[in-house]
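K.L.:
This is the structure I have questions about; it appears just below.
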Amino acid sequence: NTDINLDECSIQLLDAAIITSDDKNEHSIITLINYKQYQLLLMADATIRNEQLLLQRYNLKNIDVLKVGHHGSITSSSGEFIASIKPKISVISASKNNRYQFPASQVVSRLAKSSDKIYNTAQHGAITIVFDAQMKTSVEKS
């Protein structure tokens, strides 16, 4: 069983691994967290191919918080995927001035079409989301 239940929270590990792939990113652990009425989707370093499997296997709609896949790399966050899950808040974890220049501008553009808010740790620092009725967010640059 890949479900963990804790009071108002359930954690589900989603199976979208491509076991025949030599790309370790395509073996990423993808996590869906349901907390109260909120859904959080943590994409690890999953690729567009993993996203396609997720859309085939699971009914992922109206995600409240998306932890964007692979630091905002162009290999993740396809237009089809983002349009389907419609994240309200997207969080990109990337270091400032990283050598890969994450996040990719194309990914940020795709997210902007569906997300009310986009946060990038390289730009905003620590990001806090309070899961109250307003889903308040705050940032703290270091």
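K.L.:
Just the residues that are more than 20 Å from HIS124 (Cβ to Cβ) and over 15 Å from the mean Cα position of the chain (by Cα), please, taken from the stretch 59-98. Let's see the steps before the verdict.
P.N.:
Taking the stretch 59-98 first, the residues more than 20 Å from HIS124 (Cβ to Cβ) are 59-62, 74-75, 78-81, 83-86.
Hit for the stretch 59-98 is ASN59, nothing else.
K.L.:
For LEU42, state whether it is closer than 22 Å to GLN101 by Cα and of a type in the set (A, V, I, L, M, F, W, C). Talk me through it step by step, then tell me what you get.
P.N.:
Working: closer than 22 Å to GLN101 by Cα: yes; of a type in the set (A, V, I, L, M, F, W, C): yes.
Here the answer is yes, as LEU42 does meet what is asked.
K.L.:
Every residue in the stretch 58-115 that is surrounded by 15 or more Cβ atoms within 10 Å (Cβ to Cβ), on the phi > 0 side of the Ramachandran plot and either modelled with pLDDT of 90 or more or not in a helix (DSSP H, G or I) (or both), please.
P.N.:
SER77, LYS86 - these are the residues of the stretch 58-115 that are surrounded by 15 or more Cβ atoms within 10 Å (Cβ to Cβ), on the phi > 0 side of the Ramachandran plot and either modelled with pLDDT of 90 or more or not in a helix (DSSP H, G or I) (or both).
K.L.:
Anything in the stretch 84-98 that is farther than 10 Å from ILE118 by Cα, aliphatic (A, V, I, L, M) and without any contact (Cβ under 8 Å) to a residue 40 or more places away in the chain? List them, or say none.
P.N.:
In the first step, residues of the stretch 84-98 are kept if they are farther than 10 Å from ILE118 by Cα; the result is 84-86, 93-98.
This time we only want the ones that are aliphatic (A, V, I, L, M), so: 85, 94.
Scanning the stretch 84-98 gives a single hit, ALA94.
K.L.:
Would you mention how many residues in the stretch 1-53 are surrounded by 16 or more Cβ atoms within 10 Å (Cβ to Cβ) and touching a Leu at 6+ places or on another chain (Cβ under 6 Å)?
P.N.:
Counting residues in the stretch 1-53 that are surrounded by 16 or more Cβ atoms within 10 Å (Cβ to Cβ) and touching a Leu at 6+ places or on another chain (Cβ under 6 Å) gives 8.
K.L.:
Do we find a residue being of a type outside the set (S, T, N, Q), within 13 Å of MET43 (Cβ to Cβ), surrounded by 12 or more Cβ atoms within 10 Å (Cβ to Cβ) and out of contact with any Cys (no Cβ under 8 Å at 6 or more places or on another chain) anywhere in the stretch 119-126? Even if it seems obvious, please write down each step before you answer.
P.N.:
Here is the first cut: in the stretch 119-126, the ones of a type outside the set (S, T, N, Q) are 119, 122, 124-126.
Imposing the further condition that a residue be within 13 Å of MET43 (Cβ to Cβ) reduces the set to none.
Scanning the stretch 119-126, I find no residue that is of a type outside the set (S, T, N, Q), within 13 Å of MET43 (Cβ to Cβ), surrounded by 12 or more Cβ atoms within 10 Å (Cβ to Cβ) and out of contact with any Cys (no Cβ under 8 Å at 6 or more places or on another chain), so the answer is no.
K.L.:
What are the residue pairs meeting all of these: first residue in the stretch 1-18, first residue farther than 11 Å from THR31 by Cβ, second residue among the aromatic types (Phe, Trp, Tyr) and surrounded by 13 or more Cβ atoms within 10 Å (Cβ to Cβ), Cβ atoms under 6 Å, and 6 or more apart or on different chains?
P.N.:
Short answer, once both residue conditions are applied: CYS9/TYR35.
K.L.:
Conditions first: (1) in contact with a strand residue (DSSP E or B) (Cβ under 7 Å, 6 or more places away or on another chain); (2) assigned to a helix (DSSP H, G or I); (3) of a type in the set (Ser, Thr, Tyr). SER10 passes all but one, so which condition is the exception?
P.N.:
So the condition that SER10 fails would be (2).
K.L.:
Here's another thing I want to ask about it. Would you mind finding the one in SER115, SER73 that is among the hydroxyl-bearing types (Ser, Thr, Tyr), free of Cβ contacts under 8 Å to residues at least 40 places away in the same chain and more than 20 Å from ASP3 (Cβ to Cβ)? Spell out how you get there, then give the answer.
P.N.:
On the way: SER115 fails: free of Cβ contacts under 8 Å to residues at least 40 places away in the same chain.
Within the list SER115, SER73, the selection yields SER73.
The values are calculated or read from the model by the stated rules, or taken from the named source; none is laboratory data. Values in this document were obtained by computation on a predicted structure and should not be read as measured data. Note that we place each Cβ from the backbone using ideal geometry, even for glycine, and neighbour counts take in every protein chain shown.
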